[in-house]
Structures are given as structure tokens and as C-alpha cells.
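The values are calculated or read from the model by the stated rules, or taken from the named source; none is laboratory data. Note that the structure is a prediction, hence the values are computed from the model and not measured. All Cβ positions, even for glycine, are placed from backbone atoms using ideal geometry, and neighbour counts span all protein chains on display. Note: accessible area is taken over every heavy atom of the protein model, side chains too, but ligands, DNA and RNA are not part of it. Shrake-Rupley method; radii C 1.70, N 1.55, O 1.52, S 1.80 Å.
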Amino acid sequence: MQFINGTETLVVDAIDGLLRSSGGANLARLDGYPGIKVVLRTDHKPGRVAIVAGGGSGHEPAHAAFVGKGMLTAAVCGEVFASPSVDAVFAAIMAVTGKGGCLVIFKNYTGDRLNFGLAVERARALGRKVEVVIVKDDIALPHLPQPRGIAGVMFVEKVAGHYAEQGANLKSVAAMARKAADSVVSLGISLSSCTLPGVGREDRVPDGKAELGLGLHGEPGVDLVNFEGARQAARVLVDRLFAAARPARSYALLVNNLGSTTALEMNLLINEVLVSRRGARVKLVLGPATLVSSLDMHGFSLSLLPLTPEFEKALLSPASPLVWPKIRTHVKPKLVKLPRELKRKPVRSTLNPSLGALVSRACDILIAAEGRLNALDAKVGDGDTGSTVATAARHLQTALPLMPLARLDRFFASTSEALSRSMGGSSGVLLAIFFSAASQSASEGANWQDALAAGLAKMMVHGGAKPGDRTLIDAIAPALAALPKGLDEAANAARGGADATARMQSARAGRSTYVPPSHLDGVPDPGAEAVAMLFEGLARG
């Protein structure tokens with residue numbers, strides 16, 4: 001399902017929404033719905049070169065949201081993934097072209113070439129001065145006589161918009177735009193196809209695979225490649241782009257979201273690009289941003305433009321369409337020292353082989369359970385329990401050689417500090433409280449059983465949960481009570497406690513308190529399940 005009224009009105013409804021929410025940004029549309037869908041500037045000066053671009057819809061915010069000072073004069077919108085009609089393109093050209101003439105920019109697809117091309121010829125026949133720049137930046141098929149145009153068109157439109165705004169003549173504006181179009185290279189990769197309005201999604205990308213070299217209209221990628229994570233995906237694109245790009249001292253990079261890739265993923269991806277061995281040659285960065293999308297495709301594309309002084313000036317000049325992220329320079333992250341209160345006090349590591357082996361084994365168990373716990377938490381929470389405990393386990397495992405294992409009170413204190421630094425969330429601070437209280441109790445002479453019991457009591461006080469509230473307490477409490485009898489007994493008790501949470505119809509603490517009872521029925525609490533899996537793993541070991 002999608003939030004649409006119907007496919008026949010989708011594009012015009014969206015354009016009207018764009019204009020109604022534009023806040024008086026000197027935008028209008030040509031009369032002529034539904035055949036003619038053109039967004040244009042009302043403040044364009046006829047003596048300057050007009051910049052017209054467009055294509056099929058479904059690539060929002062391209063191109064209607066890029067109409068504005070320093071960018072486009074008009075955008076021509078077709079139906080979803082369909083070229084606009086000849087009349088629509090012709091209407092846009094005639095509406096904005098004055099003495100300065102008009103530069104028409106479009107991506108290299110057959111429908112666009114035909115419809116834009118014929119409209120240009122009709123305008124020329126009526127005496128209008130019109131130049132054309134066709135963008136062919138996709139390098140997925142390097143030997144193709146007619147490469148596709150994808151997100152690199154953004155660089156071309158920005159360069160053209162700058163020189164038009166500066167009052168350059170049509171010949172000069174076209175020459176600079178053509179130079180940019182001939183220089184930019186782009187490549188995309190995706191983990192899914194897109195959802196066509198009223199049609200649905202073709203799930204053609206298997207798990208563990210990615211489509212490399214895909215188009216903007218849901219076309220399959222040129223290659224179906226193994227997906228090994230963000231670093232591998234980013235660097236495959238980087239290596240191919242730099243191999244195809246013209247040599248230059250520095251480059252501008254566009255990191256483009258194809259639709260549904262999260263901001264978290266996009267920031268991670270741009271980091272992988274910029275820290276790669278070629279990243280130092282990137283001087284200017286546009287994005288990460290959704291600029292030329294493919295509806296809701298889960299993917300991204302990179303575009304690379306060799307920089308010249310003219311291009312750099314054009315890219316950095318101000319522009320004020322509805323959507324245009326500021327182009328920034330590539331800089332290394334600055335580091336500010338931690339407040340002295342958070343600096344770790346030197347702790348002398350001491351050995352206890354048995355305890356070290358036990359803790360290392362516990363960390364392995366929690367790391368291995370990450371996927372299962374996340375899947376369980378997705379049913380009753382936010383799907384991150386496995387990642388939270390696995391992150392803490394990895395941090396603890398790394399810190400283990402430096403920890404004071406010979407004294408239990410110091411070990412508990414060191415564990416509390418490690419968890420407070422790495423785990424996060426409510427479970428992280430609760431376990432930090434647990435081990436801090438256990439440390440305090442052990443330092444006062446309590447044995448390990450009593451120390452852990454003190455930790456549990458303090459955790460319940462601060463967390464506000466008790467047995468029966470459908471939290472990890474339901475597994476920890478019986479496990480600790482049974483632990484003096486051995487790990488097998490503790491594991492059985494933890495399992496019984498975790499399984500009991502699946503029969504509890506409501507939660508009185510934790511994130512599950514917000515979940516309807518129907519979603520809780522039959523699903524154990526993820527925190528309790530993590531405790532049970534931990535004790536069961538330790539008992540097996």
C-alpha cells in the first residue's frame with residue numbers, strides 16, 4: 001500500500017503539494033494539467049539564459065524542487081518513469097525563453113531524446129535560441145554507445161545555473177554545462193528494486209546480493225554481486241569511478257540516496273568513501289542527500305566530477321531552489337579531548353585465567369546471539385537488543401586483557417565502567433548499576449553470591465522492575481538464586497524465567513509497556529531471553 005489517491009493523479013497532486021508548501025518561493029506552474037506539468041520561476045529575467053530540465057517523475061526532488069535562483073528556470077515533469085510530452089517541453093521552453101535564449105538539459109534516455117529533441121526543434125523553428133546538453137554519466141556499461149544519464153545531472157545543472165545567473169551568454173553557459181556533462185561519471189548500487197505506484201515491488205534481489213550498475217527507473221543492475229557490507233559496496237563504486245574519471249588534482253563527489261536508504265546508512269557510506277585510499281582526492285562533497293531518487297529504492301549512487309577552477313566556483317556559488325544542500329569541503333573530523341572526569345584512571349591488570357576464560361566465553365555467546373535477539377526484539381520493541389548486548393560484549397572482550405581479574409571487587413567495578421561506556425540504552429545503565437553495586441558489596445567483604453545479589457537488588461531499585469514485570473529481571477533473579485547449585489541449575493532457572501515472560505500479557509517496565517498485549521502473547525522478553533541464552537551457553541561450555 002502507498003499514500004496515493006490514484007496513479008492517474010499522483011504527479012499533479014504531488015506538484016501542487018510542492019507549490020502549496022513552497023512559501024512563496026517565486027514558483028508557479030503552467031496551466032495545462034494534466035498533459036502539461038511544468039514548474040517555473042516567476043522571477044526569471046528574460047535577458048538571461050533560461051535553464052530547462054526534466055524527465056519522468058519518481059526521481060524527486062529532481063527536478064521540480066531544483067527550480068530557483070542559481071539553478072533551473074523551469075522543470076518539465078512526466079508521469080512516473082515516463083518522459084514528458086513534446087507539448088509539455090515545448091510549453092516550458094516558450095514560457096521562459098527570452099532574449100538570452102534557453103539551455104535544455106536532459107538525461108540520455110530514448111523517450112527524453114525524442115520528446116525534448118522535437119520540442120527544441122519546434123522552438124528553434126519559431127526563432128528561439130536554444131542549446132541542448134545531454135547527460136550520459138552512467139559508467140555501468142562503459143562500452144555502450146549511448147550511456148544512461150543518472151545523478152551526475154545535478155553537477156551539470158548547478159554549473160549551468162551558476163553561469164546563467166551570472167549573466168553569461170547562451171554559448172558560454174552551454175559550453176560550461178557540456179564540459180561538465182562530458183566529465184562527470186556516476187555509478188549506483190542497490191539492495192532492492194523500487195515500488196511502482198499501483199503496481200508493487202519486484203523482489204528480484206536475493207539476500208546477500210546487490211545490484212551494481214542499476215538505472216533510475218527500476219531497471220535491473222548490470223551485475224548481481226555479493227554484498228559484503230557498506231565498506232565493500234562503497235569502495236567498489238569508488239574504484240570504478242576513479243578508474244573511469246578524467247585525471248585531475250581534485251574532485252567533487254555527489255553521494256546520492258536512491259530513495260529509502262536511511263540517513264544513518266548514508267553517513268556511514270560517505271565516511272567509507274572519504275576514508276578510502278582515493279578519498280583524499282575528493283575536495284568538495286555534495287550530500288549525502290536524496291537528490292535524484294528512484295522512488296523507494298534501497299540504494300545509493302556516487303558521482304565524480306574532476307574539478308577545474310571554473311567548476312569549483314560554480315559549485316560553491318549560492319543557489320536557492322526549494323531543495324539544494326550546501327556543497328562543503330572534505331575535512332577530517334576534529335577531536336576534542338574528553339572532560340577529565342571521564343578519563344580512565346590507570347588500572348593495573350591482573351590475571352585470573354578461570355575468570356578470564358568465563359568472561360570471554362560469555363562474550364562469544366552474546367555476540368553469536370545478536371541476530372536471534374534482534375529478530376525477537378523486532379516483535380515487541382525496536383529490534384536492537386541483540387546489537388546492544390553484542391556491542392557491549394565486543395567492547396568487554398577487547399578490554400579483558402587490561403582488566404583486574406584477580407580481585408573480584410575491582411573486576412566488577414571495571415565491568416561496570418566498560419558497560420557504561422559501550423552498551424547504552426536502559427539495559428546498559430542497569431547492568432552498569434548491577435556490577436557497580438556488586439563491586440561495592442564485594443569490597444566490603446561479601447562473597448560473590450552475596451555481591452551479585454546486592455547488584456540485583458540495586459538494579460531493581462533504580463530500574464523499578466521486579467520479577468513478574470516481564471523484563472530481564474525474570475531470568476536474572478531465578479538464575480542467581482540457583483547459581484550456588486551450579487551452572488546447570490542456573491541455566492534451567494533462567495530458561496524457566498525467560499519462557500514465563502512469553503505468557504505474561506502485559507509488561508510493567510521497559511519498552512514493552514508500550515506494546516499491545518496481542519503482540520506480546522507467546523513472545524519472550526528479549527532481555528530475559530538474552531540472560532537465558534547466556535547461562536545456557538555457559539552451562540554447555
Residue 45 vs. criteria touching a strand residue (DSSP E or B) at 6+ places or on another chain (Cβ under 7 Å) and either without any contact (Cβ under 8 Å) to a residue 40 or more places away in the chain or open to solvent by 50 Å² or more (accessible area, probe 1.4 Å) (or both)
no
Does residue 359 satisfy the condition of being over 30 Å from residue 279 (Cα atoms), without any contact (Cβ under 8 Å) to a residue 60 or more places away in the chain and open to solvent by less than 30 Å² (accessible area, probe 1.4 Å)?
yes
Does residue 240 count as open to solvent by 30 Å² or more (accessible area, probe 1.4 Å), in a helix (DSSP H, G or I) and either polar (S, T, N, Q) or farther than 17 Å from residue 298 by Cβ (or both)?
yes
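Matching residues to (1) hydrophobic (A, V, I, L, M, F, W, C); (2) under 15 Å from residue 530 (Cα atoms):
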| residue | (1), (2) |
| --- | --- |
| 376 | yes, yes |
| 392 | yes, yes |
| 396 | yes, no |
| 407 | no, no |
| 418 | yes, no |
Tell me which residues, restricted to region 175-225, are at pLDDT 95 or above, under 30 Å from residue 130 (Cα atoms) and outside any strand (DSSP E or B).
175, 176, 177, 178, 179, 180, 181, 182, 183, 184
Boolean, residue 233 is in a strand (DSSP E or B), open to solvent by less than 50 Å² (accessible area, probe 1.4 Å) and touching a helix residue (DSSP H, G or I) at 6+ places or on another chain (Cβ under 8 Å)
no
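Among the residues of region 520-538, which ones are in a helix (DSSP H, G or I), crowded, with 21+ Cβ neighbours inside 10 Å and not aliphatic (A, V, I, L, M)?
526, 527, 529, 535
So how many residues does region 170-180 have that are open to solvent by 10 Å² or more (accessible area, probe 1.4 Å) and either of a type in the set (Phe, Trp, Tyr) or under 13 Å from residue 106 (Cα atoms) (or both)? Before the answer, list the steps.
Keep residues of region 170-180 that are open to solvent by 10 Å² or more (accessible area, probe 1.4 Å), which gives 170-172, 175-176, 178-179.
Pick out the ones that are also either of a type in the set (Phe, Trp, Tyr) or under 13 Å from residue 106 (Cα atoms) (or both) and you get 178.
The number of residues fulfilling the criteria is 1.
Let's see how each residue does on (1) at pLDDT below 90; (2) of a type in the set (D, E, K, R):
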{"position": "315", "(1), (2)": "no, no"}
{"position": "319", "(1), (2)": "no, no"}
{"position": "343", "(1), (2)": "yes, yes"}
{"position": "363", "(1), (2)": "no, no"}
{"position": "371", "(1), (2)": "no, no"}
{"position": "374", "(1), (2)": "no, no"}
{"position": "383", "(1), (2)": "yes, no"}
{"position": "393", "(1), (2)": "no, no"}
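Taking the condition in a strand (DSSP E or B), more than 25 Å from residue 163 (Cα to Cα) and either open to solvent by less than 10 Å² (accessible area, probe 1.4 Å) or touching a Phe, Trp or Tyr at 6+ places or on another chain (Cβ under 8 Å) (or both), does residue 301 pass? Before the answer, list the steps.
Details: in a strand (DSSP E or B): yes; more than 25 Å from residue 163 (Cα to Cα): yes; either open to solvent by less than 10 Å² (accessible area, probe 1.4 Å) or touching a Phe, Trp or Tyr at 6+ places or on another chain (Cβ under 8 Å) (or both): yes.
So residue 301 passes the test.
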Go through region 378-401 and report how many residues are touching a Cys at 6+ places or on another chain (Cβ under 7 Å) and either of a type in the set (Gly, Ala, Ser) or open to solvent by less than 40 Å² (accessible area, probe 1.4 Å) (or both).
2
Out of the residues in region 507-541 that are at pLDDT below 90 and basic (Lys, Arg), which is nearest to the chain's Cα centre (by Cα)?
511
Checked region 409-429 for anything charged (D, E, K, R) and either open to solvent by less than 60 Å² (accessible area, probe 1.4 Å) or at pLDDT 85 or above (or both); matches are 409, 410, 417
Given (1) at positive phi; (2) of a type in the set (Lys, Arg); (3) part of a helix (DSSP H, G or I), number of the condition residue 458 does not satisfy
(1)
Which one of the conditions (1) modelled with pLDDT of 95 or more; (2) over 28 Å from residue 331 (Cβ atoms); (3) open to solvent by less than 10 Å² (accessible area, probe 1.4 Å) does residue 253 fail to meet, given that it meets all the rest?
(2)
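From the list 406, 432, 375, exactly one residue is buried (at least 16 other Cβ atoms within 10 Å of the Cβ) and not aromatic (Phe, Trp, Tyr). Which is it?
On the way: 406 fails: buried (at least 16 other Cβ atoms within 10 Å of the Cβ); 375 fails: buried (at least 16 other Cβ atoms within 10 Å of the Cβ).
Of 406, 432, 375, the one residue that is buried (at least 16 other Cβ atoms within 10 Å of the Cβ) and not aromatic (Phe, Trp, Tyr) is 432.
How many residues does region 405-447 contain that are of a type in the set (D, E, K, R) and part of a helix (DSSP H, G or I)?
So the count comes out to 4.
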